[in-house]
Amino acid sequence: MAGGGAERVQLAIIGHLVGKGHEVHLVLAFQGGALLPLVPPEVRVIELRANRLAGAFSGLVRYLRAERPWSLQAIMWPCTVIAVAAKMAARVPTKLLLTDHIALSRQYSAPRQRLAVRTTLRLFYPKAEAVAAVSRGAAEDVERLADLPAGSVEVIYN
């Protein structure tokens with residue numbers, strides 16, 4: 001739970017869900033973070049304690065198999081891709097919402113990065129139940145990179 005904007009948006013969503021009486025688990029790849037003290041006490045925090053982001057995959061598979069959550073929202077590439085791959089490996093019916101907070105092609109503009117983003121989005125994003133972005137431009141960027149139909153990425157403003 002670093003101090004970025006996407007994490008702050010998630011805190012607001014978490015607070016809303018807790019306020020509506022929903023059980024919320026916050027699954028983190030890494031331990032700690034500046035915003036962790038702001039997580040409501042009703043939230044169960046699961047820290048996968050990965051050394052690298054890719055190391056969170058096996059921990060997320062174990063979590064999904066053990067807890068079998070109804071839904072999982074994954075934010076920010078490549079976490080979104082890891083979530084889809086983990087759901088596939090866990091073979092659970094968990095519904096996935098993938099959310100991107102930036103125009104990925106601008107953030108990852110180097111040729112190798114762009115190839116990695118485009119390839120993983122095309123392979124994994126169509127397997128999610130829903131994909132969202134925080135602006136129309138970011139949504140169109142995801143649609144283009146993932147080869148998804150125009151208008152298929154929901155826009156949910158911060």
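Couple of notes before you dig in:
- Qualifying residue in the stretch 30-52 (condition: within 15 Å of the chain's Cα centre (by Cα), under 30 Å from Glu140 (Cβ atoms) and not β-branched (Val, Ile, Thr)): no
- Tally, over the stretch 60-74, of residues that are touching a Leu at 6+ places or on another chain (Cβ under 8 Å) and more than 14 Å from Ala130 (Cα to Cα): 3
- Residue within the stretch 52-60 that is open to solvent by 30 Å² or more (accessible area, probe 1.4 Å) and either of a type in the set (D, E, K, R) or touching a residue at least 60 places away in the same chain (Cβ under 8 Å) (or both) present: yes
- Within the stretch 125-144, the set of residues being assigned to a helix (DSSP H, G or I) and either touching a helix residue (DSSP H, G or I) at 6+ places or on another chain (Cβ under 6 Å) or surrounded by fewer than 19 Cβ atoms within 10 Å (Cβ to Cβ) (or both) comprises Tyr125, Pro126, Lys127, Arg136, Gly137, Glu140, Asp141, Arg144.
- One residue alone among Arg122, Arg106 is open to solvent by 70 Å² or more (accessible area, probe 1.4 Å) and at pLDDT 95 or above, and that residue is Arg122.
- Applying the condition of being in a helix (DSSP H, G or I) and over 17 Å from the mean Cα position of the chain (by Cα) to the stretch 16-26 and asking which residue is farthest from Cys79 (Cα to Cα) yields Gly19.
- Restricting the stretch 66-102 to residues that are in a loop (DSSP other than H, G, I, E, B) and in contact with a Gly (Cβ under 9 Å, 6 or more places away or on another chain), the residue that is surrounded by the most Cβ atoms within 10 Å (Cβ to Cβ) is His101.
- Filtered by the rule that a residue be in contact with an Asp or Glu (Cβ under 9 Å, 6 or more places away or on another chain) and of a type in the set (Gly, Ala, Ser), the stretch 83-109 gives Ala103, Ser105.
- Of everything in the stretch 102-130 that is touching a Phe, Trp or Tyr at 6+ places or on another chain (Cβ under 9 Å), touching a residue at least 40 places away in the same chain (Cβ under 8 Å) and of a type in the set (A, V, I, L, M, F, W, C), the residue that is farthest from Ala54 (Cα to Cα) is Leu104.
The values are calculated or read from the model by the stated rules, or taken from the named source; none is laboratory data. Keep in mind it's a predicted model, so treat the numbers as computed, not measured. Note that we place each Cβ from the backbone using ideal geometry, even for glycine, and neighbour counts take in every protein chain shown. Accessible surface areas use protein heavy atoms only, side chains included; no ligands, DNA or RNA. Shrake-Rupley method; radii C 1.70, N 1.55, O 1.52, S 1.80 Å.
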